[in-house]
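J.: Dropping the structure in here first, questions after.
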Amino acid sequence: MLHLEKSLAAFEEAKNLMPGGVNSPVRSYANVDCNPPFIARAKGDRIYDIDGNEYIDYVGSWGPMVVGHAHPRVVKALQEAVSRGTSYGAPTLIESALAKKVMEIYPSIEILRMVNSGTEATMSALRLARGYTGRDKIVKFIGCYHGHSDSLLVNAGSGMATFGVPSSPGVTKGTAQDTISVPYNDFDAITKVMDEMGDAIAAVIVEPIAGNMGCVLPKQGYLRLLRKLTEQHGTLLIFDEVMCGFRASLGGAQAAYGITPDLTCLGKIIGGGMPVAAYGGRRDIMMKVSPAGPVYQAGTLSGNPLAMTAGLETLNILTEERAEDGADYSRMLTLKTKKLLLGWQAKAREAGVSIQAHQAGSMFGIFFHEGEVYDYDDACASDQEAFKVWFKAMLEQGIYLAPSQFETLFMSGAHSDEDIDRTIEAAGKAFQAVAASRR
Ligand code: KE4
């Protein structure tokens with residue numbers, strides 16, 4: 001039995017200080033009907049709560065901690081940077097250094113702008129797409145999440161091509177009507193919308209590998225269809241790689257699937273755990289951004305030197321370090337993830353529990369579902385009660401997972417073979433608990 005007395009007390013106090021006691025909703029553990037451990041520190045693949053419990057961490061701060069927590073190279077670089085000050089609000093060499101590093105890895109990005117969150121990156125990319133094309137409408141996909149800007153907090157309207165309805169109070173009907181939402185992986189739906197309205201659509205924004213309905217992969221040919229349809233209609237294709245960037249492969253989904261978007265949004269890993277995101281792409285488009293062009297976008301802490309430092313050191317580790325067998329970092333992460341999922345699948349079979357296991361490089365997840373999971377409806381049809389039982393059984397055994405069926409898990413270079421084996425054994429017990437809960 002996990003002892004969480006101090007976390008419980010901290011959570012009660014936090015609820016009087018922040019909405020729901022947290023600064024981001026998913027951290028409240030509301031989706032799994034239990035209380036969140038308050039974290040004291042983390043190192044490598046381990047995370048420690050204020051009650052002294054130790055966990056193997058597969059959340060990795062929702063993606064950024066790809067080289068593990070408190071990596072010595074990142075800590076050292078930050079310690080040196082902080083002694084030179086924390087923010088200048090002025091151009092620095094480190095911003096150019098990180099920009100160059102990102103462009104080496106993402107050749108589709110010819111010019112980029114640093115911002116402070118994935119929300120800011122996608123919001124800015126959409127404003128730019130509207131400014132560049134002179135069009136108002138955008139298309140997003142049901143189940144994909146791109147941060148909390150108003151245009152993107154929109155659900156599908158009643159009909160496929162009809163305009164959106166706000167998914168949150170505070171989003172105006174006027175804003176929502178310019179967003180069209182269609183099912184992910186549905187070839188006919190996107191083709192119909194683009195055939196009917198493509199010439200009025202500024203951008204199609206997509207998580208090329210979806211991570212916010214659980215981990216869901218694009219069907220064969222789907223991303224190529226999006227590229228073809230957007231080119232046909234002069235619509236910009238925006239890849240939101242905030243999550244799958246540096247995860248699906250070092251060069252993200254665009255490298256893994258060989259599709260070149262017009263704009264790319266990055267985040268999480270390029271900050272190495274500090275607040276960094278970016279949007280970038282074709283020079284002719286990006287040169288419309290202020291002060292080079294008329295599309296306004298700004299930020300006090302954009303390109304913050306500490307954040308740039310953590311991001312650059314993280315990317316240097318990803319591109320320089322190799323496993324003992326010489327495999328590059330991304331290959332090593334993919335193999336670690338594959339080993340974990342093969343173990344989970346074997347344990348689930350032993351327990352007589354059907355799961356779907358999805359992997360894209362070092363991002364992964366499972367669904368308690370008999371059939372394939374291709375879209376949000378499929379994800380919603382998975383057994384969420386089973387997920388809760390499994391999640392709690394894993395947490396009890398010291399395995400720290402995302403507290404929602406609709407999130408994705410992440411491997412890091414710090415996860416040892418021993419810890420992966422331990423996680424597989426724990427999953428075996430957790431799948432047995434699921435089977436018992438169904439009897
Ligand atoms: P942020 O504004 O949270 O930095 O990024 C928004 C965002 C944009 N695009 C994608 C594909 C994303 O996954 C995200 C944010 N991811 C969530 C995890 N599902 C962050 C965790 C949270 O909301 O607390």
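J.: Have a look at Gly164, Gly211 and point out the one that is in contact with a Ser or Thr (Cβ under 6 Å, 6 or more places away or on another chain), under 23 Å from Leu409 (Cα atoms) and not hydrophobic (A, V, I, L, M, F, W, C). Before the answer, list the steps.
T.: On the way: Gly164 fails: under 23 Å from Leu409 (Cα atoms).
Result of the check over Gly164, Gly211: Gly211.
J.: Test of understanding: among Gly361, Gly428, which residue is in contact (Cβ under 8 Å) with a residue 24 or more places away in the chain, in contact with a Lys or Arg (Cβ under 6 Å, 6 or more places away or on another chain) and surrounded by fewer than 20 Cβ atoms within 10 Å (Cβ to Cβ)? Give the steps one after another, and end with the answer.
T.: Values: Gly361 fails: surrounded by fewer than 20 Cβ atoms within 10 Å (Cβ to Cβ).
Just one listed residue meets the conditions, Gly428.
J.: Only residues in the range 117-145 that are touching a residue at least 12 places away in the same chain (Cβ under 8 Å) and more than 12 Å from the ligand (Cβ to nearest atom) count as the first member; pair them with residues that are part of a helix (DSSP H, G or I) and hydrophobic (A, V, I, L, M, F, W, C), Cβ under 7 angstrom, at least 6 apart or cross-chain, and list the lot.
T.: From residues that are touching a residue at least 12 places away in the same chain (Cβ under 8 Å) and more than 12 Å from the ligand (Cβ to nearest atom), the pairs are Leu128/Ile285; Tyr132/Ile285; Arg135/Ala200; Lys137/Met197; Lys137/Ala200; Ile138/Leu126; Val139/Val193.
J.: While we're on this one: Only one of Gly371, Gly413, Gly343 is crowded, with 17+ Cβ neighbours inside 10 Å, in a loop (DSSP other than H, G, I, E, B) and out of contact with any Cys (no Cβ under 6 Å at 6 or more places or on another chain); which?
T.: Details: Gly371 fails: crowded, with 17+ Cβ neighbours inside 10 Å; Gly343 fails: in a loop (DSSP other than H, G, I, E, B).
Testing whether each residue is crowded, with 17+ Cβ neighbours inside 10 Å, in a loop (DSSP other than H, G, I, E, B) and out of contact with any Cys (no Cβ under 6 Å at 6 or more places or on another chain) leaves just Gly413.
J.: Any chance the range 235-248 includes a residue that's of a type in the set (Ser, Thr, Tyr), within 16 Å of the ligand (Cβ to nearest atom), modelled with pLDDT of 95 or more and out of contact with any Phe, Trp or Tyr (no Cβ under 7 Å at 6 or more places or on another chain)? Spell out the reasoning first.
T.: Here is the first cut: in the range 235-248, the residues of a type in the set (Ser, Thr, Tyr) are 235.
Right, trim to within 16 Å of the ligand (Cβ to nearest atom) and you get none.
The answer is no; no qualifying residue exists.
J.: Looking at Gly143, Gly174, Gly134, which one is among the small types (Gly, Ala, Ser) and in contact with an Asp or Glu (Cβ under 7 Å, 6 or more places away or on another chain)? Before the answer, list the steps.
T.: On the way: Gly174 fails: in contact with an Asp or Glu (Cβ under 7 Å, 6 or more places away or on another chain); Gly134 fails: in contact with an Asp or Glu (Cβ under 7 Å, 6 or more places away or on another chain).
That would be Gly143, the only listed residue that is among the small types (Gly, Ala, Ser) and in contact with an Asp or Glu (Cβ under 7 Å, 6 or more places away or on another chain).
J.: Select, from Gly52, Gly85, Gly21, the only residue that is modelled with pLDDT of 95 or more and either within 16 Å of the ligand (Cβ to nearest atom) or of a type in the set (D, E, K, R) (or both). Steps first, please.
T.: Working: Gly52 fails: either within 16 Å of the ligand (Cβ to nearest atom) or of a type in the set (D, E, K, R) (or both); Gly85 fails: either within 16 Å of the ligand (Cβ to nearest atom) or of a type in the set (D, E, K, R) (or both).
Result of the check over Gly52, Gly85, Gly21: Gly21.
J.: Return only the number of the condition from (1) within 16 Å of the ligand (Cβ to nearest atom); (2) outside any strand (DSSP E or B) that Leu333 does not satisfy.
T.: All conditions pass for Leu333, except number (1).
The values are calculated or read from the model by the stated rules, or taken from the named source; none is laboratory data. Since the model is a prediction, treat every value here as computed from it, not as a measurement. Reconstructed Cβ throughout: ideal geometry from the backbone, glycine too, with neighbour counts over all protein chains shown.
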